[in-house]
Every structure is written in C-alpha cells, then in structure tokens.
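These notes concern the structure reproduced below.
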Amino acid sequence: MKILANDGISQSGIDALTNDGFEVITTKVAQEQLINYINEHQITGLLVRSATKVRKDIIDACESLKIIGRGGVGMDNIDVQYARDKGLHVINTPAASSSSVAELVFGHLFSGVRFLHDSNRNMPLEGDSRFKELKKSYAKGVELRGKTLGIIGFGRIGQATAKMALGLGMNVIATDKFIDKATVSVDFFNGQSIAIEIETEAMESVLKNADFITLHVPAQKEYIIGKKEIELMKQGAAIVNASRGGTIDEVALIDALESKKLSFAGLDVFENEPTPAIKVLMNPYVSLTPHIGAATNEAQDRIGLELASQINTLLKG
C-alpha cells in the first residue's frame, strides 16, 4: 500500500511506515495535479499538514484512498465529515505538537515583555551609534513571574501552555466552552510533579483579569477577539496567537497597539496567510513568526510516529 506524504513527514515516520510494509512517497504534488497523481499511483493514504487541501473533489474522485491523515491538530483544510461519510478514515495528531506550540507562545511573551523583537530589528542598524538611547528605550521591561496569563481554549495545547506558565510562577486563568475544569500536571526533571486543578471561567472574566492573553482555538467563522473584546482587556495587556489566523481582528489589533491600549502582540498565524498584511508585519509592537508553532524536530518526530501507528492499526490491524 502506498502512502503519499504530500506536505512532508519526518524520517522517523517514514521508517516506521516502511517497517510496517508501506511504501512512502514524499513527492510534493501540486494541488491541481493531486487527483491524477493519487489515481495514477493508486495511493491508499494521503498525509497532509496545513498546505494541501483535501476537499470533496479529491474524496469523490480518488477511489483508492482509504485514509487521510493530518500531521497536527486542526483539520480545517480537510472535509472531515464528508470523508468519513464516504467511509474514509480521517486521523490527526492532537497531542504531538502541544509542547512545541506552548514554547513558541512563551518565545513571543518573553520577546514582548523585553522588547526583543524590536531590539533585534534596531541593534544591527543603530547599536553602534545609538547604544545608550536604545538601552534607555528598552529598559522598562517587565517580568512574567507573578502576572496572570489568560488562556482562551483549554484543550491539549492550552493546558501545555498552562504548565509552562505555572512553572514560571504565573497565575493561570482559562476559558473554554467545552471544558469546565482540568488538572494540569507540572513535571520536573527529577521525576517530581505538582498537579493543579484549574476551573475555567467566562470569557469576559478572563479578558478583564489577564495581563496576557493566548489563544488556542480551532479555525472560526467569526473573530474571537475583536474591538469589543480588546476594550474589555486591561490597559497595557498583550496578546499572543499561535492557533489559527482569523481568530483576531487584525485591524482592531493594530488600532489597539497604536493607541497603547495593548502593549504588544505575538503572532504566529495571520488572517491572510501566506501573504500577511504589511501593516501587521511592519508594526514595531508585533513579534512575528511564519506559522511555525509545531515546527520543531521533536514535534515532527512525534507526529510522524503517531501517524504511522494509527495508519498501521487502521489499515493492517
């Protein structure tokens, strides 16, 4: 049986699938050529990340397909229910990238509170001529310890983010439509751990009381954070989005940054990917990454192995 990993897969995933008797193809096939390629090569399993779209046309036209796998969490690029109604298996790897995304959130938080994103822009240009002025302009950083992190979406990634916040000595509050409470285990290097139960609150309460907001929600039809929600936030609060573009109204966000209502934002995802708005990219109060939340070697290894295990169980188990 042939597995097409159209958006790539880790070597550990390839090795696991090969050892289980599958032929793994890592050729990158253009979206418009995908149907012909799948049919011509009689592909049994199609693995994607966020780039390749698996819509009804592919599901209807490719009779050899038995399984569609998403390396990651969100499956908004796949017509999941339609595929399942047609008898296909649709799988993802919800746990594999949680720690990687959570660490990136804190990368943006540390960058924002100590102005690293801006100083890394200005030091190469003016560090030798305006050192003292730059030192003064970046001298009013704040610590994360003792501050309150508000988590919107308290699933696996939200809880992984909570673990890191608790380890830093932050207060954690969270909101989630589907989760009333969760026990978060903070694990230490020597095998010890501390379990802390966190009860979720109303969205409005989280917005009003958090010093920093981080979003961990699936793709939405409407904004989660717009002008009204930003107005509820503390003066000088900050926001990080490493979930999905389109969950924050970027026009309202930039306005809030320019008016100093918000102190900074950290964005890994954007409304107009893969061509984010220039106004967002050029804003000095925004820490930027190009949708790399799950893009660590460790996460990709876990994703590859988890996909391989599920494929073997479903197709050969």
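The values are calculated or read from the model by the stated rules, or taken from the named source; none is laboratory data. Quick caveat: nothing in here was measured; it's all calculated off a predicted structure. Note that we place each Cβ from the backbone using ideal geometry, even for glycine, and neighbour counts take in every protein chain shown. To get the accessible areas, we keep the full protein, side chains included, count just its heavy atoms, and leave off ligands, DNA and RNA. Shrake-Rupley method; radii C 1.70, N 1.55, O 1.52, S 1.80 Å.
Computed per residue of the chain from DSSP H runs no shorter than four, each worth -39500 (n - 2.57), the mean residue ellipticity at 222 nm is -11000 deg cm²/dmol. Among the GluC sites (Glu not before Pro) within the range 13-108, those in coil by DSSP and having at most 12 neighbouring Cβ atoms inside 10 Å are Glu63. For the range 208-268, lysine pairs separated by 8 or more sequence positions, or belonging to different chains, with Cα-Cα distances below 22 Å total 11.
Label sites at Phe110 and Lys135, each approximated as a point 7 angstrom past Cα along Cα to Cβ, lie 2.3 nm apart. Taking only the C-alpha atoms of the chain, the Rg (one decimal) and the largest Cα-Cα distance, Dmax (whole number), read 21.6, 67 Å. Accessible area per residue (1.4 Å probe, heavy atoms of protein chains only) ranks Met1, Met282, Met203 as Met282, Met1, Met203, with the largest value leading.
Let's test the formula: R0 of 35 Å, r as the Cβ-Cβ distance of Asn297 and Arg55. What FRET efficiency results, to the nearest 0.05? Mind showing how you got there, number by number?
Values: r = 31 Å, r/R0 = 0.88.
Efficiency, from the Cβ-Cβ distance: 0.70.
The stretch between Asn171 and Asn120, if pulled fully straight at 0.36 nm per residue, gains 15.5 nm over its current Cα-Cα span.
First measure r as the distance between the Cβ atoms of Lys221 and Ala95, then evaluate 1/(1 + (r/R0)^6) with R0 = 30 Å and state the FRET efficiency to the nearest 0.05. Computed FRET efficiency for Lys221 and Ala95 comes out at 0.70.
Of all DSSP-defined beta bridges confined to the range 135-242, some 35% are antiparallel rather than parallel. Thr275 exposes around 100 Å² of accessible area when a 1.4 Å probe is run over every protein chain in place. Secondary structure note: in the chain, about 15% of the DSSP beta bridges are antiparallel. Comparing Ala51, Ala210, Ala160 in a Gaussian network model of the chain, where Cα atoms under 10 Å apart are tied by springs, the biggest mean-square fluctuation is seen for Ala51. In the full protein context, the range 100-190 carries 58 Å² of accessible surface per residue, based on a 1.4 Å probe and ignoring ligands, DNA and RNA. Listed values for the range 209-226 are Karplus-derived 3J(HN,Hα) couplings in whole Hz (6.51 cos²θ - 1.76 cosθ + 1.60, θ = phi - 60°), namely 9, 8, 7, 9, 10, 10, 9, 9, 10, x, 4, 10, 7, 10, 5, 7, 10, x, and x replaces Gly and Pro. For the chain, with a Gaussian network of springs between Cα atoms less than 10 Å apart, report the residue from Asn190, Asn283, Asn241 with the top mean-square fluctuation. Looking only at Asn190, Asn283, Asn241, the biggest GNM fluctuation is shown by Asn190. When Asp60, Asp176 are compared by accessible area at a 1.4 angstrom probe, the order from most to least is Asp60, Asp176.
Here the chain is treated with +1 on each Lys and Arg Cβ and -1 on each Asp and Glu Cβ, and its dipole about the Cα centre works out to around 640 debye.
Straightening the chain between Lys86 and Ser259 buys 57.2 nm, computed as 0.36 nm per residue apart minus the Cα-Cα spacing.
Using DSSP loop states and a limit of at most 11 other Cβ atoms within 10 Å to flag chymotrypsin sites (Phe, Trp or Tyr not before Pro), what is the longest stretch of the chain containing no flagged site?
With a cap of 11 other Cβ atoms within 10 Å, the longest stretch comes to 1-177.
Taking the accessible area of the range 51-206, probe 1.4 Å, and keeping the other protein chains in place, the carbon and sulfur fraction comes to 51%.
Shown here for the range 202-272: GluC sites (Glu not before Pro) in loop regions (DSSP other than H, G, I, E, B) with at most 13 other Cβ atoms within 10 Å, namely Glu222.
Among the trypsin sites (Lys or Arg not before Pro) found in the range 208-264, those both in a DSSP coil and sparsely packed, with 11 or fewer other Cβ atoms within 10 Å of their Cβ, are Lys221, Lys260. Subtracting the Cα-Cα distance of Glu32 and Ile196 from 0.36 nm times their residue separation leaves 54.1 nm of extension gain. Springs join every pair of Cα atoms under 10 Å in this Gaussian network model of the chain, and among Leu134, Leu46, Leu288 the largest mean-square fluctuation is at Leu134.
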